[in-house]
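Notes follow once the structure below has been shown.
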Amino acid sequence: MSLRAEYRPFHEPWHAQIFALTVHLNEQGHFNWKDWSKAFSGALSSKGSKDLIINDDDYYVIWLRTLEKFLVETVKIQSDEITQYFQDWQSAFLNTPHGQPVKLKNLSPD
């Protein structure tokens, strides 16, 4: 097997999605990449994170949590909005037929 066949920059779709979301937010001017890099580097090198990264999922969980915290701290979104958005997506996912794309419009009325 060649090196090229073994290389996968992202091991799970959500890894690529959270990376792409971060790049998109930066490109739309919501934050400066230098500030994001500083926040993420700090999260990776913090005492609590150093021993937590065992695999790619761990790395991207830290990425996601750092992005959430970073957006809250830069007043781009409130933490309760993140929670509500997560709950909306979870509900949409659970109410979407198998094989169909998950969209927020698939929320069931409560």
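The numbers here are math on the coordinates, done by the rules we state, and not lab data. Worth saying up front: this structure is predicted, and the values here are computed from it rather than measured. As a convention, Cβ positions derive from the backbone with ideal geometry for all residues, glycine included, and neighbour counts pool all protein chains shown.
Before moving on, here are some points about what is shown:
- Calculated diffusion of the stretch 10-106, Stokes-Einstein form, Kirkwood radius summed over Cα pairs, 20 °C and 1.002 mPa s, µm²/s: 144
- The stretch 10-106, dipole about Cα centre (Lys/Arg Cβ +1, Asp/Glu Cβ -1), debye to the nearest 20: 160
- Taking 0.36 nm per residue of sequence separation and removing the Cα-Cα distance, the Gln90/Asp58 pair yields an extension gain of 9.5 nm.
- Each peptide in 29-39, 59-69 gets a packing score, the mean of other Cβ atoms within 10 Å over its residues, and the list from highest to lowest is 59-69, 29-39.
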